Amino acid sequence: MRGFETGRTVVRRDVHRSGRVWSEQAMRVVGDTDEALVTACAPGAEARWPVLYAKARADGDRSVRTAAFDAMATGRWELGAATWQETDLLLWKPPAAWFSINAFFVPDGDGRRLRNWYVNFEHPALRTGAGFDTFDLAVDLLVDPDLTRWEWKDEDEYAHVRRLGIISDIEHRAVDDARAQVLAMLAERTGFFAHAQRWAAWRWEPAWPTPRLPRPAPTAEGAGPADG
C-alpha cells in the first residue's frame, strides 16, 4: 500500500479478534518510511472508546477497567465519543513490530516538554485505506525522558486478560519476544532510541487542524461529506 503523506489524517484502531472495533483515534501523519509510520495527535483530537474504559479514565477507578476487560472477553461493549486531552502524543510504529513507542508531551511554561516515553505492546499494524489497525495487549513499559530508568506498567491487567483468554499463548510468546527486543534497544540505544534526542524535540505542527474521525458517508437524505 502506498505510504501516507505527511499531515494527512489517519485513524488508529484497536480491533478485537471478533472483528469488532475496541477503540479508534484520529491522528496526523508525521512521517511514513520503511522504518516506521509516525503519527501524532494533540488535545481535542477525536476518538471513540469503550464506555466502561472511558469511565475508568474519568473516575480513576481501576475496578472499572477490569469490568471493561470482562466485557471485552464476552464480546459485548459499547463505544462512546471521546476527546484526547492534556498531552501531545507522538506514536512511532515500525512495520511488523509487536509494539509501538509513544512520547507524551505536557505543557511547560509557554511550550511543551517530554513527560515520558511509553512502549505499548500490541499487534503488528495492518494498513487500511484510512490508517492502521492493531490491538492493545495490555502490558506497557514506562521510560524516563533521559532513558536511564524504566518500569513495567499494568502487569496485573495483563495477567487478568491472559486468564480471560483475550491474549492467546501465541500472542503471549510474541509479547515476551517484543519485551526482550525493546529492552535491548534501550540498552544499546538502537532503533527508535538511537534518535530519541531528535524525537524529544518534536512539536505539534500549529498549522495542522485538530484530527477528526471520518464523518459517516453521505446518504440520500443529504448527510454532510466525509472529513479528510
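The values are calculated or read from the model by the stated rules, or taken from the named source; none is laboratory data. Predicted, not measured: the structure shown is a model, and the values here were computed from it. Here the Cβ is made from the backbone with ideal geometry for all residues, glycine too, and neighbour counts use every protein chain on show. Side chains included, ligands, DNA and RNA excluded: accessible areas come from the protein's heavy atoms. Shrake-Rupley method; radii C 1.70, N 1.55, O 1.52, S 1.80 Å.
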Item to check | Solvent-accessible heavy-atom area per residue, rounded to whole Å², over the range 72-228 at 1.4 Å | outcome: 52
Next on the checklist: Rolling a 1.4 angstrom probe over the protein chains, ignoring ligands and nucleic acids, what is the accessible area of T74 in square angstrom, nearest 10?
Outcome noted: 80
Checklist outcome for this item: Rounded to the nearest 10 Å², the accessible area of K55 using a 1.4 Å probe with every protein chain kept is 100
Checklist outcome for this item: Interchain or sequence-distant (5+) residues whose placed amide H lies within less than 5 Å of the amide H of D140 are K153
Checklist outcome for this item: Between R212 and D144, the two model label points (7 Å from Cα along the beta-carbon direction) sit apart by a distance in nm of 4.3
Checklist outcome for this item: Subtracting the Cα-Cα distance of A201 and A73 from 0.36 nm times their residue separation yields 42.1 nm
Checklist entry - What's the carbon and sulfur percent of the range 91-228's accessible surface, probe 1.4 angstrom, rounded to a whole number? => result 55
Checklist entry - If you line up the Cα atoms of the range 82-164 on their principal axes, what length do they span on each, largest first, in Å? => result 43, 35, 27
Checklist entry - Taking 0.36 nm per residue of separation and subtracting the Cα-Cα distance, what length does fully extending E151 through D177 add? => result 7.6 nm
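Could you grab the relative contact order for the range 23-114? Cα pairs under 8 Å, six or more apart, rounded to a whole percent.
Result for the range 23-114 is 29 percent.
If I stretch the segment between E188 and A96 completely, what's the gain in nm (0.36 nm per residue apart, minus their alpha carbon distance), one decimal?
My answer for the length gained is 31.0 nm.
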Item to check | Rg/Rh for the range 15-62, where both radii come from Cα atoms and Rh is the Kirkwood radius | outcome: 1.08
Checklist entry - Largest first, what is the accessible-area ranking of S23, S168 with a 1.4 Å probe? => result S168, S23
